[in-house]
Amino acid sequence: MSLSTPPKPRTGYYRPEMVRLPRLNFGRRLARKFFNWIVRLIVWLFADVRVTGIENIPPHGPLLVVTNHLGDADTFIGLAISPVQAEIVSKIDLREIPILGSLMNIYGVIWIHRGQADRRAIRVIQEALAEGRLVALAPEGRESVTGELEEGTEGAAYLAVKANVPILPITFTGTRNQQVYANMKRLHRSRINVTIGQPFRLPIAEDWRESVHQGTQMIMQTLAGQLPNEYKGVYKV
């Protein structure tokens, strides 16, 4: 990683009581359908999205979805294009933002404390996978500050190895905040490309720590393999 790249962020507090698996009751299912309808409308108005590999999304889980993270639009685009709902893992810092935090709680996300050994979040994600749900997260651990793929953290590989579930790699290009918000101000649709790779499993060795380390490299290299050269970042060959 470049010496100029700042360290990964760390949540300045720990509130495990806020981390829970969203209950899929009638009210939440209805709220999600409404949110998804609004999101699809916004995406249609402000983005020209080209999707490759939509057939690679399975109809059900358990499945761990891993993505690169270039900007705010990544989540919206993912919600708009996916035929299957996934549980979203999001930094708990967003919960403190007025209105946005409340809307995310209504939708139901899995909050995570970044830069910490968030055992509560790990247990909740494992519970979701055990119930056959799809769980989506960004193994970079933050929105890229370079506009390219950053070094991956080991959380995604740990979860995949621990739960022994397949991984679905999804990559975005054209979703950087500077580009998307500038286009929105000009009422210009951003050209966004989404590539959905084939699901794969991580090999599990006797030494699980080595499995997690090698698995992290495999996840990040798979994401890099779906991106144009200028987006590969630290995984550029």
HIS188 versus VAL51, label points 7 Å from Cα toward the beta carbon: distance in nm? 2.6 nm
Rounded to the nearest 0.05, what FRET efficiency do ASN105 and VAL237 give with R0 = 45 Å and r taken as the Cβ-Cβ distance? Could you check? 0.60
Determine the sum of side-chain charges near VAL43: Lys and Arg each +1, Asp and Glu each -1, restricted to other residues whose C-beta is under 15 angstrom from that of VAL43. +1
Of all trypsin sites (Lys or Arg not before Pro) in segment 170-207, which ones are in loop regions per DSSP and have a Cβ with at most 16 other Cβ atoms within 10 Å? ARG186, ARG189, ARG201
At 15 Å minimum axial length over the Cα atoms and a Kyte-Doolittle cut of 0.0, report the qualifying DSSP H helices in the chain, or say none. 26-46, 119-130
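At a 10 angstrom cut-off on C-beta neighbours, averaged per residue, how do the peptides 216-224, 113-121 rank from highest to lowest?
Highest-to-lowest ranking by the protection proxy: 216-224, 113-121.
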Could you tell me how many cubic angstrom of Cα convex hull volume the chain has per residue? 132 Å³
Listed here are the pairs LYS8/LYS91; LYS8/LYS236; LYS162/LYS236; which of them are more than 22 Å apart at the Cα? LYS162/LYS236
Note, ³J(HN,Hα) from phi for segment 7-18, Karplus 6.51, -1.76, 1.60, rounded to Hz, x at Gly and Pro: x, 4, x, 10, 5, x, 8, 9, 10, x, 5, 8
Work out how much length LYS162 to THR11 would gain on full extension: take 0.36 nm times their residue separation and subtract the Cα-Cα distance, in nm to one decimal. 51.9 nm
Of all accessible heavy-atom area on the chain, the percent that carbon and sulfur account for (1.4 Å): 57 percent
Residue-span extension gain [ARG119 to ASN25] - 0.36 nm each, minus C-alpha spacing: 31.3 nm
Using θ = phi - 60° and the Karplus relation 6.51 cos²θ - 1.76 cosθ + 1.60, list the HN-Hα couplings for segment 168-174 in order, rounded to whole Hz, with x at every Gly or Pro. 10, x, 10, 10, 10, 10, x
Net charge of Cβ neighbours under 11 Å - reference ASN193; Lys, Arg +1; Asp, Glu -1: +1
Within the chain, what is the longest stretch that has no GluC sites (Glu not before Pro) placed in a DSSP loop and near at most 14 other beta-carbon atoms within 10 Å? 1-130
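The values are calculated or read from the model by the stated rules, or taken from the named source; none is laboratory data. Because the structure is a prediction, the values reported are computed rather than measured. Cβ: placed from backbone, ideal geometry, glycine included. Neighbour counts: every protein chain shown. The protein model used for the area step is the full one, side chains on, heavy atoms only, and it has no ligands, DNA or RNA in it. Shrake-Rupley method; radii C 1.70, N 1.55, O 1.52, S 1.80 Å.
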